[in-house]
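Let me begin by presenting the structure, written as structure tokens, before commenting on it.
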Protein chains: 2
Amino acid sequence: MKSLVSRCPIEEVMQVLSGRWPTLLIYYLKDGTKRFSDLRRDNPTVSHRILTHELRKLEKAGIVQRTVFDGYPLRVEYDLTAAGTALVPLIDAIAGWWDAHDAARDPAAEPSAAERAAAVP
Amino acid sequence: MKSLVSRCPIEEVMQVLSGRWPTLLIYYLKDGTKRFSDLRRDNPTVSHRILTHELRKLEKAGIVQRTVFDGYPLRVEYDLTAAGTALVPLIDAIAGWWDAHDAARDPAAEPSAAERAAAVP
DNA sequence: GCGTGGTGACAAAAAAGTGCGTAATTTACA
DNA sequence: TGTAAATTACGCACTTTTTTGTCACCACGC
């Protein structure tokens, strides 16, 4: 998703929240301050390159706060901003929606297989 | 985003909602039934191949309902399912959050340029 | 020949992963 | 006491994987 195609805010948010990592990172960060290496440990499948990219994206979007401590083995901390914290319950709501609607879907697997209608308008 | 990396529902939802199109399509569909060509007209930059892909993905996720009418110039209609309709306010909430937090961010552009701390832990 | 709603092959573009290098300092060990 | 190695958070160049776009094609009836 390189550039925007509509002037719609939805597309703008999705540009920053799209993908596997942004929401997952927000989730790990809602428990409090994390360092780069903490986040890598939290999800070992992310490469450091991508992790920096994603964190920078979230920082630019005003969702996370990046704090650099000058020093010896170098240290950077990441936290959610106020806006980021405000976003958490909204993501929660969507996760909840998914669970609810998943539960309704699972039992019979694919009951709507042959749902086609022949109508004469 | 090929496969899942966590067992977390958030990652699952994002797998279907990620990208420019899913949320936009949900938005166009919330106004009511649309046909394939309507959706193409609504967003002319999407290729027909991607549009079918996205619609199928949303269908499999139980968010949209696809109805084929046998007949003459061939006709397919797309609507939101109940679950899809339930999702709309949640996406709205996120769009609203974005607007609010964008408004708070815009005026001064980038005031947090040199926010670094030198602390002794 | 047009419009409808697709499918499939192939190519281009974008995103993601890999490995190496960097800084300054502490610690490990001989 | 000197030297080597590790730590942390990346940046850069390169390759691989994934996504997206393009084009051609299908059937159907008008």
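The values are calculated or read from the model by the stated rules, or taken from the named source; none is laboratory data. If you're wondering where the values come from, they're calculated on a predicted model, not measured in any experiment. Methodologically, a virtual Cβ is constructed for each residue, glycine included, from the backbone with ideal geometry; neighbour enumeration extends over all protein chains shown. The area values use the complete protein model at the heavy-atom level, side chains included, leaving out ligands, DNA and RNA. Shrake-Rupley method; radii C 1.70, N 1.55, O 1.52, S 1.80 Å.
Every residue, every condition in (1) touching a residue at least 24 places away in the same chain (Cβ under 8 Å); (2) out of contact with any Pro (no Cβ under 6 Å at 6 or more places or on another chain); (3) facing chain B (nearest Cβ under 9 Å); (4) within 11 Å of DNA strand D (Cβ to nearest atom), yes or no:
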| site | (1), (2), (3), (4) |
| --- | --- |
| A:8 | no, yes, yes, no |
| A:16 | yes, yes, yes, no |
| A:23 | yes, yes, yes, no |
| A:31 | no, yes, no, no |
| A:36 | yes, yes, no, yes |
| A:40 | no, yes, no, yes |
| A:52 | no, yes, no, yes |
| A:56 | no, yes, no, yes |
| A:97 | no, yes, yes, no |
**Prompt:** Restricting to segment B:58-74, what's the tally of residues that are under 20 Å from residue A:14 (Cα atoms) and either of a type in the set (Lys, Arg) or within 15 Å of DNA strand D (Cβ to nearest atom) (or both)?
**Reply:** 2
**Request:** Starting from residues that are within 9 Å of chain A (Cβ to nearest Cβ) and of a type outside the set (Lys, Arg), keep the ones in segment B:65-76 and report whichever is most open to solvent (accessible area, probe 1.4 Å).
**Result:** B:70
**Prompt:** Mind checking which pairs have a first residue in segment A:62-90 that is within 16 Å of DNA strand C (Cβ to nearest atom) and a second that is open to solvent by 20 Å² or more (accessible area, probe 1.4 Å) and of a type in the set (Gly, Ala, Ser), Cβ under 7 Å, 6 or more apart or different chains?
**Reply:** A:69/B:117; A:69/B:118; A:69/B:119; A:70/B:118
**Message:** Whether any residue in segment A:12-29 is of a type in the set (Val, Ile, Thr), away from DNA strand C (no atom under 16 Å from the Cβ) and over 20 Å from residue B:86 (Cα atoms) is what I want to check.
**Reply:** no
**Unmet requirement for residue B:79, which otherwise passes all of (1) loosely packed, with under 15 Cβ neighbours inside 10 Å; (2) more than 9 Å from chain A (Cβ to nearest Cβ); (3) not in a helix (DSSP H, G or I)** = (1)
**Request:** Could you figure out which of (1) modelled with pLDDT of 95 or more; (2) among the hydrophobic types (A, V, I, L, M, F, W, C); (3) open to solvent by 40 Å² or more (accessible area, probe 1.4 Å) isn't true of residue A:97?
**Result:** (3)
